[in-house]
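Single-structure report; data block below.
The values are calculated or read from the model by the stated rules, or taken from the named source; none is laboratory data. Bear in mind that the values here come from a model prediction, so they are computed numbers and not experimental data. Heads up, the Cβs are rebuilt from the backbone with ideal geometry, glycines too, and the neighbour counts pull from every protein chain shown.
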Amino acid sequence: MSANWGNQALEALSKILSPNGPAVEAMANSYTPTDFSVHFFLQLALILIACRVVGWIGRKFLGQPQVVGEMIAGVVLGPSLFGLLFPDLQSAIFPQATKNVLYSGAQLGVGLYMFLVGTTLRLDHFQSKAKSAIAVSAAGIIVPFLMAIAITPLLLTVPGLFADGISTANATLFMGACIALTAFPMLARIINERGLANSSLGTLSLTAGAFDDAVSWCVLAVVLATFGAGPGVAVLAIGGGLGYTLLIMLFGKRLLAPLGRMVEREGEMSTTVLGITLALFCTSAFIMDAVGIHAIFGGFILGTVMPRGLFAEELKRKVEPLAVVLLLPMFFTYSGLNTRMDMVNTLPLLMIALGILVVSILAKFGACWAAARISGEDNRTALGIGALMNSRGLMELIIINIGLQKGIIEPTLFSMMVLMAIVTTMMAGPLFELVYGRKARESGELETLNGKSATTT
């Protein structure tokens, strides 16, 4: 009786979610704006509930920050768990035809969040730690690419990992970009939640992570160019990204200063100033996306030159709750919908996946720790930097999704890289607490108590 009731409920829900017919995917081309709306609000409700529940479980029982719980919730809602247990229901709630809507919301959420992170960046800390930041960033790029040079020829001998006919150079560049990545949005949110936003360690890690990710995206652009997209892709990405960044850094503060004076004069941020600010954010995100880097870098770069003081405080008060609680979880869910964890299903493949994981940790954590120590940082700070830089998160999922979509890698290697991304991200918080956070909190160096901040609620 219960099974019949469950089947009837599922059928009824499918009809509601697919008003043009029972087969959701078959009717994708017939979707109307109303159909998208029906799915979108149900998707968003489910995403919010899942992120809150999984995030709470992660904080309560695993000591993970809210952001890691949201990343796991995204994978749970995808084909790896929800789709595996209830494929028809998962397909009815998240049909392929509606993913573009979810993608747009996801990009808005992560872009806004990185924009806010940019407004908290302390350039004075970066200037005082420039030597360490440059060393950590360089090590976080050079060593991963050296590791990629060592392991890629071996991976190319295993069928089903890379696309047929791919050159060793392209395969090596792609693997190097994947290993060198730091989860920039994830890193930023962990830093924010751990109370490190205004610390020299947080600024150093964010700066090095941003540069490492930018280099990885430029390398990916080169791979895509030589893989068939044309040299213009690489030229536009590298030249356009550097040109826009220099333009913002040289003239941004001066041009944006009147907005700060208006807020100081009125004692609050008016809706007009907020509207102008958000329009500038969207324009900056568009430019960086259009040149082939990523929209989040546009938001972050603009944020670094926005007025500080009351302007930054008002902007955070008005925008952060919506961005963090409502929009950012869409980013994690969208990536989770493209993730499968059932592809690594033999012992040899599992050993290869484990090898990639170990190499990635040594290349990033080890190299960044060593570079920080050589630059004069104490061992505890250097270990904390290494732990943060080793997190890869959803930036990794983005770049390997591109690799899969463009035919550079096959689903099996994609799944191995997903596994590496999840493990390195989950270990970042506990490892950071072990080597740095706990003692720093006891000594009063961190702004928050028990690893929580406003963004964890």
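The table that follows gives values for the structure above.
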| read-out | value |
| --- | --- |
| Checking ALA279 against (1) out of contact with any helix residue (DSSP H, G or I) (no Cβ under 8 Å at 6 or more places or on another chain); (2) closer than 24 Å to ALA177 by Cβ, the condition it does not meet | (2) |
| Yes/no for MET175 being in contact (Cβ under 8 Å) with a residue 40 or more places away in the chain, crowded, with 17+ Cβ neighbours inside 10 Å and over 25 Å from ALA290 (Cβ atoms) | no |
| Per-region count, the stretch 342-363, residues surrounded by fewer than 20 Cβ atoms within 10 Å (Cβ to Cβ) and within 28 Å of ASN192 (Cβ to Cβ) | 3 |
| Only one of MET343, MET330, MET351 that is assigned to a helix (DSSP H, G or I) and under 23 Å from ALA73 (Cα atoms) | MET330 |
| Residue within the stretch 180-190 that is assigned to a helix (DSSP H, G or I), surrounded by fewer than 23 Cβ atoms within 10 Å (Cβ to Cβ) and not hydroxyl-bearing (Ser, Thr, Tyr) present | no |
| Leading residue by the ranking (nearest to LEU350 (Cα to Cα)) among those in the stretch 127-174 that are among the hydroxyl-bearing types (Ser, Thr, Tyr) and part of a helix (DSSP H, G or I) | THR152 |
| Residues that are surrounded by 18 or more Cβ atoms within 10 Å (Cβ to Cβ) and more than 21 Å from ILE402 (Cα to Cα), drawn from the stretch 85-113 | GLN90, SER91, ALA92, ILE93, LEU112, TYR113 |
| Test result for LEU354, of a type outside the set (Val, Ile, Thr) and at pLDDT 90 or above | yes |
| Filter result (surrounded by 23 or more Cβ atoms within 10 Å (Cβ to Cβ) and among the acidic types (Asp, Glu)) within the stretch 364-423 | GLU377, GLU396 |
| Cross-chain or 6+ apart pairs with Cβ under 6 Å, the stretch 134-148 first and closer than 10 Å to VAL215 by Cβ, then part of a helix (DSSP H, G or I) and modelled with pLDDT under 90 | SER137/ALA208; SER137/PHE211; SER137/ASP212; GLY140/ASP212; ILE141/ASP212; ILE141/VAL215 |
